[in-house]
1. Which of the residue pairs 56/115; 115/185; 123/185; 95/176; 123/176 have a Cα-Cα distance greater than 30 Å in the structure shown?
2. Hey, with R₀ at 30 Å, roughly what FRET efficiency would residue 175 and residue 43 work out to, going by the Cβ-Cβ distance, to 0.05?
3. For the pair residue 64 and residue 228, what calculated FRET efficiency results from E = 1/(1 + (r/R0)^6), where r is the Cβ-Cβ distance and R0 = 35 Å, to the nearest 0.05?
4. Counting other Cβ atoms within 10 Å, which GluC sites (Glu not before Pro) in segment 46-115 have at most 16 and lie in a DSSP loop?
5. Run the dipole for the chain about the Cα centre, Lys and Arg Cβ at +1, Asp and Glu Cβ at -1, nothing else charged, and hand back the magnitude in debye, nearest 20.
6. Please list, in order, the residues from segment 6-20 whose amide nitrogen is less than 18 Å from a point placed 7 Å along the Cα→Cβ vector of residue 50.
7. Once phi is turned into θ = phi - 60°, what whole-Hz ³J(HN,Hα) does the Karplus curve with 6.51, -1.76 and 1.60 give for every residue of segment 146-162, x standing for Gly and Pro?
8. Report the accessible area of residue 64, computed with a 1.4 Å probe over the heavy atoms of all protein chains in place, in Å² rounded to the nearest 10.
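The values are calculated or read from the model by the stated rules, or taken from the named source; none is laboratory data. Computed from a predicted model, the values in this text were never measured in an experiment. With ideal geometry, Cβ positions are generated from the backbone for all residues, glycine too; neighbour counts draw on all protein chains shown. When the accessible area is computed, the model is the full protein with side chains, heavy atoms only, and any ligands, DNA or RNA have been set aside. Shrake-Rupley method; radii C 1.70, N 1.55, O 1.52, S 1.80 Å.
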Amino acid sequence: MPRFFIETPLAAGQTLSLPDAVVRHIQVLRLKEGDSLTLFNGQGGEYQASLLSLHKRDASCEITRFDDISRESPVWLGLAQAISSGDRMEFTLQKGVEMGVSLFQPIAAERSVVKLSGERADKRVQRWQEIVQSACEQCGRNTLPQVLPILSLHEWLQQQQDADARLILSPLGTQKLADIASAPKRAWLMAGPEGGYSAREEAAALDAGWTPLKLGPRILRTETAALAAVAAVQAVWGDYCI
């Protein structure tokens, strides 16, 4: 059934005029009046609806019921990802949503090829949030992960991350997930850019209490490393092992 994100309060019995972007999507899918669709607003649960009217520029639906369905992992997982170039960052965000990442923190690292600031940074974060939204529509998640404003690594390390485990991916790491005695309820992963974090950045993270984590003997590309780590967390502690 087609799923659409609607950034507005929703309730069973409500008649709703659909946003322009959703109307265009419905037209692309060639839905007809009377067809069923699923709506969610990112706050948890989803709403079943029926398409009441469909015109060239507008459409409306009636919400028939609310289903309290969650597809979130038992492990809350944040990903602090150094900004990567090209489509790599977008790929990491999209697949991270599919694999259960709860929150994204873009990091402006010393070796990040793409440099963003001011209005350009704000627009890029907005674009990344749209990618997260589309990924939720596709994969069935009803809780919308947030993409936080870009921070430097220094700024990020100054913040207090609420987590039971804080893991930085590092080729110098010796610890594995299996070495961590108790499964965390909340965890943060930090992944570097194409050239990895600098020695100074990695030392700062270790001084701030982050644990260096190694994913096998091979050097992974930035878009591979983050997603491999997310998959490993889900396999060891999350819903891949259920």
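1. 56/115; 115/185; 123/185; 123/176
2. Between residue 175 and residue 43 the formula returns 0.25.
3. E(calc), rounded to 0.05, equals 0.30.
4. Qualifying residues, ordered by number: 72, 110.
5. I would put it at about 520 debye.
6. Backbone N within reach: 11-18.
7. 9, 9, 6, x, 5, 10, 6, 4, 4, 4, 5, 5, 6, 7, 9, 7, 7
8. 80
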